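The values are calculated or read from the model by the stated rules, or taken from the named source; none is laboratory data. Because the structure is a prediction, the values reported are computed rather than measured. Here the Cβ is made from the backbone with ideal geometry for all residues, glycine too, and neighbour counts use every protein chain on show.
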Amino acid sequence: MMEILNALTVLINFTVIPALAYGSQLALGAIFVTLIYAVLRFANFATGDMMSFGTMFAVLLTYYFQTIGINFGFLPTALLTIPFAIVAMIIYMLLIDKFIFSYYRIKKSPPVQFAMVSVGVMFVTQAIIRIVIGPSDRRFIDGEKFILKANEFKEITGLNEGITLKSSQAITVIVTIIIVSIMFWFLNKTKTGKSMRAYSDNEDLALLSGIDPKKVVMITWIIAGILATVGGVLYGLDKSYRPFVYFNNMLPIFAAAIVGGIGNPFGAFLGGYVIAFAEIFLTYAYKRFISYLLPESLEPNSLLQLLSTDYKFAISFSILVIVLLARPSGIFKGKTL
Amino acid sequence: MRNYSNVIAAYSIMLVLIIFVGIFQSWSIALTIMNYCLISAVMTIGANIQWGYAGLINFGIMGYTALGGLAVVLVSVDPVKKAWQVGGLNILACILIIVAMVVTVRYILKYFKKSKKRNYSIASIIIGGILVLNVTATPGIEAIEAIDPAKTGFLGGLGMPVLFSWVVGGLFAGGLAFVIGKIALGLRADYLAIATLLIAEIVVSIIKHEEWLARGVKNVIGLKRPAPYEIDLQKSDWFINLVEKFHSKKLSLISSVTEKQEALNQMVIEASSVYVKLCFTGLFLTVVVILLVVTQKALYSPWGRKMRAIRDNEEAASAMGKNIVKEHLLIFVLGSAVVGLAGAMMVTNDGLFTPGSYRPMRYTFVIWVMVIVGGTGNNFGAILGGFVVWFLWVEAAPIALFLINLFTSHMPETHALRVHLIESASYFRFLVIGIGLLMIMRYRPKGIIPEKIIKQ
């Protein structure tokens, strides 16, 4: 019995907890992608850099708050700065929409052209970020680092293996649940949310029934700004803030959005976890886990790793390619938006 | 002739700009820029074949470039005999297993009806195959990577001439494009873009992490060259004489013999690097001209008209009996092969293969900006785009530095803003490229040199 518990602890500590946190971060990004796709109808290649842009404000404000001596007790100061960063992010997004995207929307350009324009936005955003904050790696988490340390867990339960719970991981999961539930409530229950869904479903019909397209677009960018900033800051708290990594994160986020069926927010939410769990479960070395379950004589020699961790990204992309080929509409059935 | 006046004007401006760099910075830098411009031009020709002729969006350029580079290593590097002895059999066995897997999966797909049973059996074949591969490959790979890991630790290549590898690079990329095209070309435009972007990432991650293949992130250096080496040139008499003749006026001004000799030595060193770069320029220019002639002929042939018809109205073309799937696949393979060729050219020019440097920003998005800026569907435009964008990409930093110094000259040297701006001067290239792309898309959506349809 003890052996099985030990094995499970190992599995939870090294795979389930990191995957949950990483999955939440991906899920927020994937909902962002899917929302833009559903309402504005294009694949936004500036996703990663927009998340990076919001996080940049949070990082700078965190530094500023630290110098003037404001802190958030045992929680990271970055959480305090999120509202301000969101406002900055939303202003930036609305400006971009007004000066860049709206022109193509009025012209009813094909989605491919939108995608190319978003590549231009990606370049510009990346330039601004690198000029303002530079490309280096930054850790900006402060406050209590751990909620549960491995030693404490061992003492409490008397097991051989411990569980470490970083506060950034707990915060990530909790904040994600709050944000995502508010968003779904908004989309499904409020009038504005319903008008957004109507607009996404059939633009002409929505216009006929008196929905103001400008308002819908604005609300979409506002929600997108919230998701992008929160997702970016949570990722930065959990790992670290580096613009190049954020740009690369765009790829698993796209994978998550498509796996969940692009245009379907709930699918995107689940898609984030599918990608994260697949990445971590397929690259985890099961040696320690198995050694608890098997008698000593059968103990395995190799690491029992299906794929090396170098292929982390490749796994999510392979899943995506398989999904695209087998079920282009995503693995989760359901209506878009 | 009047029709071409804008083309000629645009190219002359570009040439003048490069000559400016030669005068103000140095001829070596100017030629480096020129060579990269030519390589970029080959890439844009490839991307333009796909996007301009057929409207296929391929964000996987990075993957084909990397494969082209891999081809240079696999063809031109001398084989590592020891590595072949210890691990060659395992690798060959793995290749056989992969071939067997593909054949059985294809057989099942072809001869069995669609059912859950079929899906499960395919999945089990793939999973089982990967497990068997793991078991067969691991000892071989470990043995190969253990052989002199600082220098080799990989299988090496075939030891053939490096120019041959350019063809192989094209073939590699074309082969990959055939597989990808078979499975992904049915997707909608934006899905295809994302799928190709991610597949390219997979290709690069395999090249990066399979060290037995091409040393992965440990890089392969000292690749063969189709041009003479600087050191050999500096020792050969004919070259020194040539430099002496070229600079005879300057040299005659110096009276002392030792000083004269020193000046000559300096000149020979400079001239040797310029000479090598000129050799590359000549080679690359030949490739670009050949490609330009071929693509131009193709564009205005009946085949080119067919491609444009398919691009502009797929349904109508299909109703006229054109096989759209086949044509799309063909053009996807052709365009990718050209990109693969460019990748091989680039690695040859650098003399080293660095898988870690393949990033989507530089090798996919910048190339796309080139195509859009230059002019989609027009080969002259695409090549010009390659030149303009690469020139901006390289020269943006010095220009930005100059402007920053100009505008902050009233500030003290140690002013925080000034120091910060000067430090980040090199990132202004992203800004320039991004704003350039947005401007072109808004005010000249067909590019600097738009597509021209000649009515016959």
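Do you know which residues across segment A:165-212 are among the polar types (S, T, N, Q) and part of a loop (DSSP other than H, G, I, E, B)? Within segment A:165-212, A:Thr190, A:Asn202, A:Ser209 meet the criteria. Given the structure, is A:Pro110 over 24 Å from A:Arg139 (Cβ atoms) and at pLDDT below 90? For A:Pro110, the condition - over 24 Å from A:Arg139 (Cβ atoms) and at pLDDT below 90 - is met.
List the number of the failed condition for B:Glu211; all other conditions in (1) free of Cβ contacts under 8 Å to residues at least 60 places away in the same chain; (2) more than 16 Å from B:Met62 (Cβ to Cβ) hold. Answer for B:Glu211: the failing condition is (1). Being touching a Lys or Arg at 6+ places or on another chain (Cβ under 6 Å) and farther than 18 Å from B:Gly175 by Cα narrows it down to one of B:Ser76, B:Ser40, so name that one. Among B:Ser76, B:Ser40, only B:Ser76 is touching a Lys or Arg at 6+ places or on another chain (Cβ under 6 Å) and farther than 18 Å from B:Gly175 by Cα. Look at (1) over 20 Å from A:Ile133 (Cα atoms); (2) assigned by TED's automatic domain parsing to the domain that holds B:Lys297; (3) of a type outside the set (A, V, I, L, M, F, W, C) and you find that B:Lys452 fails only one, number (2).
Of the residues making up segment A:38-88, those that are β-branched (Val, Ile, Thr) and under 23 Å from A:Ile262 (Cα atoms) are A:Val39, A:Thr47. Of all residue pairs spaced 6 or more apart or on separate chains, those with beta-carbon atoms under 7 Å, a first member in segment B:116-128 that is over 17 Å from A:Val323 (Cβ atoms) and a second member that is among the hydrophobic types (A, V, I, L, M, F, W, C) and part of a helix (DSSP H, G or I) are B:Arg118/B:Ile108; B:Ser121/B:Ile108; B:Ile125/B:Met101; B:Ile125/B:Val105. In segment A:43-53 there is no residue that is within 14 Å of chain B (Cβ to nearest Cβ) and surrounded by fewer than 16 Cβ atoms within 10 Å (Cβ to Cβ). Summed over segment A:97-113, residues that are among the aliphatic types (A, V, I, L, M) and either facing another protein chain (nearest Cβ under 9 Å) or within 11 Å of A:Asp49 (Cβ to Cβ) (or both) total 2. In this structure, B:Ile98 qualifies as within 23 Å of B:Glu142 (Cα to Cα), touching a residue at least 12 places away in the same chain (Cβ under 8 Å) and outside any loop (DSSP other than H, G, I, E, B). In this structure, B:Trp212 does not satisfy being loosely packed, with under 12 Cβ neighbours inside 10 Å, in a helix (DSSP H, G or I) and on the phi < 0 side of the Ramachandran plot.
Residue-wise test of (1) β-branched (Val, Ile, Thr); (2) in contact (Cβ under 8 Å) with a residue 40 or more places away in the chain.
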| residue | (1), (2) |
| --- | --- |
| B:Ile367 | yes, yes |
| B:Asn378 | no, yes |
| B:Ile383 | yes, yes |
| B:Val389 | yes, yes |
| B:Leu392 | no, yes |
| B:Pro398 | no, yes |
| B:Leu401 | no, no |
| B:Glu423 | no, no |
| B:Leu431 | no, no |
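Just name the residue that is farthest from A:Gly236 (Cα to Cα) out of those in segment A:158-170 that are of a type outside the set (Gly, Ala, Ser) and surrounded by 15 or more Cβ atoms within 10 Å (Cβ to Cβ). Here the residue is A:Leu159.
When the test is whether a residue is of a type outside the set (Asp, Glu) and within 14 Å of chain B (Cβ to nearest Cβ), A:Ile179 does not pass it. Output yes when any residue across segment B:225-235 is over 30 Å from B:Lys326 (Cβ atoms), within 14 Å of chain A (Cβ to nearest Cβ) and either out of contact with any Lys or Arg (no Cβ under 7 Å at 6 or more places or on another chain) or surrounded by 19 or more Cβ atoms within 10 Å (Cβ to Cβ) (or both), and no when none is. No: segment B:225-235 contains no residue that is over 30 Å from B:Lys326 (Cβ atoms), within 14 Å of chain A (Cβ to nearest Cβ) and either out of contact with any Lys or Arg (no Cβ under 7 Å at 6 or more places or on another chain) or surrounded by 19 or more Cβ atoms within 10 Å (Cβ to Cβ) (or both).
Selection over segment B:175-195 of residues that are more than 10 Å from every other protein chain (Cβ to nearest Cβ) and crowded, with 23+ Cβ neighbours inside 10 Å gives a count of 2. Comparison of B:Gly377, B:Gly436 shows that the only residue that is over 30 Å from B:Val276 (Cβ atoms) and at pLDDT 90 or above is B:Gly436. Could you tell me whether segment B:154-174 includes any residue that is within 14 Å of another protein chain (Cβ to nearest Cβ), on the phi < 0 side of the Ramachandran plot, surrounded by 15 or more Cβ atoms within 10 Å (Cβ to Cβ) and in a loop (DSSP other than H, G, I, E, B)? No, there is no match, as no residue in segment B:154-174 is within 14 Å of another protein chain (Cβ to nearest Cβ), on the phi < 0 side of the Ramachandran plot, surrounded by 15 or more Cβ atoms within 10 Å (Cβ to Cβ) and in a loop (DSSP other than H, G, I, E, B).
Scan segment A:114-145 for residues that are surrounded by fewer than 20 Cβ atoms within 10 Å (Cβ to Cβ), facing chain B (nearest Cβ under 7 Å) and not aliphatic (A, V, I, L, M) and jot them down. Within segment A:114-145, just A:Gly134 meets the criteria. Total residues in segment B:103-146 satisfying the condition of being more than 14 Å from every other protein chain (Cβ to nearest Cβ), exposed (fewer than 12 other Cβ atoms within 10 Å of the Cβ) and in a helix (DSSP H, G or I): the figure is 7. Counting only residues that are part of a helix (DSSP H, G or I) and touching a strand residue (DSSP E or B) at 6+ places or on another chain (Cβ under 7 Å), segment A:139-159 holds 0 of them. Condition check: surrounded by fewer than 20 Cβ atoms within 10 Å (Cβ to Cβ), over 21 Å from the mean Cα position of the chain (by Cα) and modelled with pLDDT under 90. Does B:Val16 satisfy that? For B:Val16, the condition - surrounded by fewer than 20 Cβ atoms within 10 Å (Cβ to Cβ), over 21 Å from the mean Cα position of the chain (by Cα) and modelled with pLDDT under 90 - is not met. Those helices (runs of 4 or more DSSP H) of segment A:1-106 in which 3 or more residues are modelled with pLDDT of 95 or more and in contact with a His (Cβ under 8 Å, 6 or more places away or on another chain) are absent. A residue that is closer than 21 Å to B:Ala30 by Cβ and buried (at least 22 other Cβ atoms within 10 Å of the Cβ) occurs nowhere in segment B:402-412.
Residue under question is B:Leu437, and the condition is that it be touching a residue at least 24 places away in the same chain (Cβ under 8 Å), in contact with a Gly (Cβ under 8 Å, 6 or more places away or on another chain) and surrounded by fewer than 21 Cβ atoms within 10 Å (Cβ to Cβ); does it hold? No, not satisfied. You will find that of B:Arg418, B:Arg442, B:Arg429, the residue that is farther than 19 Å from B:Phe365 by Cα and either under 29 Å from the mean Cα position of the chain (by Cα) or more than 12 Å from chain A (Cβ to nearest Cβ) (or both) is B:Arg418 and no other.
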